[in-house]
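Engineer: Let me give you the structure first, and then I'll get to my questions.
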Amino acid sequence: MAQRKKPSKRKQKVTIPLILLFLAVVATGLIFGEERVNLGLPDFNQLASLAGLTPAKPSPTVSSGTSDTEVHVIDVGQGDAMLIRQGDQFALIDAGVPQSAEKLVNYLKAAGVQKLSCVIMTHAHADHIGGMPQVLEAFPTDRFMLPDFTVSEVPTTRIFEKTMDALEAQPNCQVETAKVGTEIPLGEGTITIVGAGVKSDGQNNSSVCTRFVAPGLRLLNTGDAEIKAEQALVASGAELSADVFKAGHHGSTTSNTQELLTAASPRYIAISCGLNNDYGHPHAEIVERFEALGAQITRTDQQGSIVYSVEESGITVRTER
C-alpha cells in the first residue's frame, strides 16, 4: 500500500494561522452578540475553505428555532415575500418573483411549513405573486385573502391566471376579499387588515395593508401602497404602531410618507429589494428618512433573508449573510 503523502511544511504554516484567524472571528461574534458586525474579515465558509476544511452549506433559513414568534422577510430578489410564524401556525404575505418560486418553496419547507393557515396577496403584480402558484401547489392552505378588485382592475396577466388556477385546486381553502377590520387568528397572535386600498390607476394602491400583533412583537406590512393609500390609512385612525415595518414599495419615494412612519414609529425596518435593481430601490431619500427615525435598517439585497424573533431579551434580528 502506498504511503500517504505528508502535507508540506509550507501548507501547515498557511493553515495554522488561518485556523487561528477563524477562531478569532468566532470569538468576536461571541463578544458582539447576535447582531452582525462588519469587520471586513472573511466569513466562515471562506475561512474554512482556506484552512482546508469543508465549508458548511448555507442554511435556507436563519430561524433561531427557540422563538414562538418569527417574521421572515425572505430574499426573493426584486420582490416581496414574508412568512409569519406563531407557535405551529404559519401565514404568508406575498410570494416574490417567478424566478424565485423554487427557492421560496424550499425556504418555507426548511422553516417547518407543512400547511399555511393563511396566504395574503397584497396586490397582483408579478413581483408579489410570482411564486404563488408553486406555493399553493406545495402547501395546503386554509384561508386565502385577495385584494379588493373593485378599487383596481381585475388582472389579466398569465401569472395571476396561474395563481387562480392553483387556488381552485385547493378545495378546502376559504377564499375571500380583504376588508378593513377582518381579523385572522394565528396561534396566540392576530393579523388585522388595516387597509384595503383606494381607487387609483394601477395595482399598487389596491395593496392590502396588514398589522400582525403577538406577544412581544407588532408588525406593519403595507405591500406597495403608495402615497394616496398611505394617507387614507393614516386618516382612517387605524392603530398602526409597530416594532417592525416592512418598507413600502421596496423603499420607493412613491411610498413611506413621513405621516405613516410617524404613526408606525418602528424600531426595525426591513427593505425587500433586489441587488442593483433597475429601479434604484431603496431610494436614498427614503433611506435617509428611515435613518432619521433611529430605526435599525436591514436589507435583503445586502444581507439576504431577515428573521425577527421574539426572545427572552426582546426582539432579535438575524440575517442570512
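Engineer: Give me a comma-separated list of calculated 3J(HN,Hα) values for the stretch 115-124, in order, Karplus coefficients 6.51, -1.76, 1.60 applied at θ = phi - 60°, integers in Hz, x for any Gly or Pro.
Structural biologist: Calculated HN-Hα couplings, in order: 8, 9, 5, 7, 10, 10, 9, 5, 7, 9 Hz.
Engineer: Right, next: Please rank T319, T141, T222, fewest neighbouring Cβ atoms within 10 Å first, as an exposure proxy.
Structural biologist: Final ranking by Cβ density, sparse to dense: T319, T141, T222.
Engineer: Between T66 and S313, what length in nm is gained on full extension when 0.36 nm per residue of separation is reduced by their alpha carbon distance?
Structural biologist: Extra length available between T66 and S313 comes to 87.7 nm.
Engineer: Need one number: % antiparallel among DSSP beta bridges in the stretch 69-319, to the nearest 5.
Structural biologist: About 65 percent, rounded to the nearest 5.
Engineer: Oh, and also: Can you work out ³J(HN,Hα) from phi for every residue in the stretch 277-285, in order, using Karplus 6.51 cos²θ - 1.76 cosθ + 1.60 and θ = phi - 60°, giving whole Hz and x for Gly and Pro?
Structural biologist: Karplus-based 3J(HN,Hα) across the stretch 277-285 equals 5, 5, 9, x, 6, x, 6, 4, 4 Hz.
Engineer: Would you mind giving the three semi-axes, in whole Å and largest first, of the ellipsoid equivalent to the stretch 78-177 according to its Cα gyration tensor?
Structural biologist: Working: eigenvalues 79, 46, 30 Å².
Its equivalent ellipsoid spans semi-axes of 20, 15, 12 Å.
Engineer: I'm checking a number: the convex hull volume of the Cα atoms of the stretch 69-319, normalised per residue, in Å³. What is it?
Structural biologist: 111
Engineer: Could you give the length gained on full extension between A235 and E188, defined as 0.36 nm per residue of separation minus the Cα-Cα distance, in nm?
Structural biologist: Details: separation 47, 0.36 × 47 = 16.92 nm, distance 2.88 nm.
That works out to 14.0 nm of additional length.
Every read-out reported here was derived from the displayed coordinates using simple, explicitly stated rules and does not represent laboratory data. Predicted model only: the values in this text are computed from it and were never measured. Don't worry about glycine lacking a Cβ; one is built from the backbone with ideal geometry, like all the others, and counts go over all protein chains shown.
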